[in-house]
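Below is one structure, written out as structure tokens; comments come after it.
The values are calculated or read from the model by the stated rules, or taken from the named source; none is laboratory data. Source: prediction; values computed, not measured. For neighbour counting, all protein chains shown are included, and Cβ atoms are generated from backbone atoms with ideal geometry for every residue, glycine included.
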Amino acid sequence: MKLRTLPAALLLASLTGVPAWADKAPPRSLEVLRGEIDRVDQNLLRLLNERAAIVDEVGRSKSGTKAPVFRPGRQAALLRKLVSAQGLQTRETLTRVWTAIIAGSILQQRPEFTVAVVDSANGATALLAQDYFGTQPPRLALPTAEAALSALAEHRADVAVMSLDGTWWQRMPEGVQVLASAPLVRADRERPAALILARQDIDPSGDDVTVARLPPDVEPAGAVLLASDSGRRLWAFAKGVALPSSAEPIGIYAKPIAPTPSAEDKASARK
């Protein structure tokens, strides 16, 4: 059946997920609608507690192992599935809600999970840490990038959120790698504002960007420049982009989630 033969209400439902009757039926009273919202909220709470019970079992299954509680690749893969079926929610709303849920799950398994943050006077990096981990995990505020790297190396912090200012990426301790980037929602080739480091194995999401150091005279095709220094440059290589032989990979991060298209973007796409 061709789309142009569908009744308008059915076409609206197929494109937006709104029931066909919602375009025609008059709205119910506010009292009824608020009661419906309360009912949905109770169901959400029940499902969150059901999820927490499963997370508790996951934590017990990891007990005595070195399995990490921070799984950025799994988190990114989950968020991609959710935004692909976003319905009436924006991608930004879904990402923030599940960021808080996942942060709660991390703390449920490891209550002392700590985020190291090196921040400037404007608090930008702290906000990026909040964007990725929410407000719940304890933070370790440190004065320098070197102090944050030492905190990772000495296991005083589980992750570190590092802005791309400075040259810390030139001298990372053994075992410390880039595992994620922030903010979570941004344009595909937009340079991240911060990288997230941890002393654990990388966690691929299925569509990842490799972060690598290169000599200053190498200009790799298709890569995005993240930072530069007189000695080396830091580049991001999307999936399928070849790394030069001189590249020194220092980790990966998941391909970001694209922002919700604006009305103008949607109009342009229909042309």
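Given (1) surrounded by fewer than 17 Cβ atoms within 10 Å (Cβ to Cβ); (2) assigned to a strand (DSSP E or B), identify the lone condition not met by Ala180.
(1)
What residue, among those in the range 183-201 that are over 10 Å from Gly251 (Cβ atoms) and among the aliphatic types (A, V, I, L, M), is surrounded by the fewest Cβ atoms within 10 Å (Cβ to Cβ)?
Ala187
Of all residues in the range 163-185, which are modelled with pLDDT under 95, among the polar types (S, T, N, Q) and either closer than 26 Å to Leu78 by Cα or not assigned by TED's automatic domain parsing to the domain that holds Asp119 (or both)?
Ser163 - this is the single residue of the range 163-185 that is modelled with pLDDT under 95, among the polar types (S, T, N, Q) and either closer than 26 Å to Leu78 by Cα or not assigned by TED's automatic domain parsing to the domain that holds Asp119 (or both).
Which of (1) at pLDDT 95 or above; (2) in the same structural domain as Asp208 (by TED's automatic domain parsing) is the odd one out, the single condition Thr144 does not satisfy?
The number of the failed condition is (1).
May I ask you to say which residue of Pro204, Pro261 is touching a Gly at 6+ places or on another chain (Cβ under 6 Å), surrounded by 13 or more Cβ atoms within 10 Å (Cβ to Cβ) and part of a loop (DSSP other than H, G, I, E, B)?
Pro204 is the lone residue from the list that is touching a Gly at 6+ places or on another chain (Cβ under 6 Å), surrounded by 13 or more Cβ atoms within 10 Å (Cβ to Cβ) and part of a loop (DSSP other than H, G, I, E, B).
So which residues in the range 207-227 are in a loop (DSSP other than H, G, I, E, B) and β-branched (Val, Ile, Thr)?
Hit for the range 207-227 is Val218, nothing else.
Consider the range 117-147. How many of its residues are in contact with an Asp or Glu (Cβ under 8 Å, 6 or more places away or on another chain) and crowded, with 17+ Cβ neighbours inside 10 Å?
Selection size over the range 117-147: 2.
Run Leu128 past the list (1) outside any loop (DSSP other than H, G, I, E, B); (2) within 28 Å of Ser63 (Cβ to Cβ); (3) modelled with pLDDT under 95 and report the number of the one that doesn't hold.
Failing condition for Leu128: (2).
Please specify each residue of the range 68-80 satisfying the condition of being over 17 Å from Asp188 (Cα atoms) and not in a loop (DSSP other than H, G, I, E, B).
Pass one, the range 68-80, residues over 17 Å from Asp188 (Cα atoms): 68-72, 74-75, 78.
Those that are over 17 Å from Asp188 (Cα atoms) and not in a loop (DSSP other than H, G, I, E, B): Pro72, Arg74, Gln75, Leu78.
State which residue is nearest to Pro68 (Cα to Cα) when the search covers only the range 152-177 and only residues that are of a type in the set (Gly, Ala, Ser) and surrounded by 14 or more Cβ atoms within 10 Å (Cβ to Cβ). Step through it out loud before you land on a result.
Of all residues in the range 152-177, those of a type in the set (Gly, Ala, Ser) come to 153, 157, 160, 163, 166, 175.
In the following step, the residues that additionally are surrounded by 14 or more Cβ atoms within 10 Å (Cβ to Cβ) were identified as 153, 157, 160, 163, 166.
Numbers: Ala153: 16, Ala157: 13, Ala160: 15, Ser163: 23, Gly166: 29 Å.
Applying the filter and picking the extreme gives Ala157.
Residue-by-condition table, conditions (1) touching a helix residue (DSSP H, G or I) at 6+ places or on another chain (Cβ under 7 Å); (2) among the charged types (D, E, K, R):
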| site | (1), (2) |
| --- | --- |
| Leu140 | yes, no |
| Ala145 | yes, no |
| Ser150 | no, no |
| Ala160 | yes, no |
| Arg171 | no, yes |
| Ala187 | no, no |
| Pro192 | no, no |
| Gly206 | yes, no |
| Pro216 | no, no |
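How many of the residues in the range 24-60 are under 21 Å from Ala85 (Cβ atoms) and modelled with pLDDT under 95?
Result for the range 24-60: 0.
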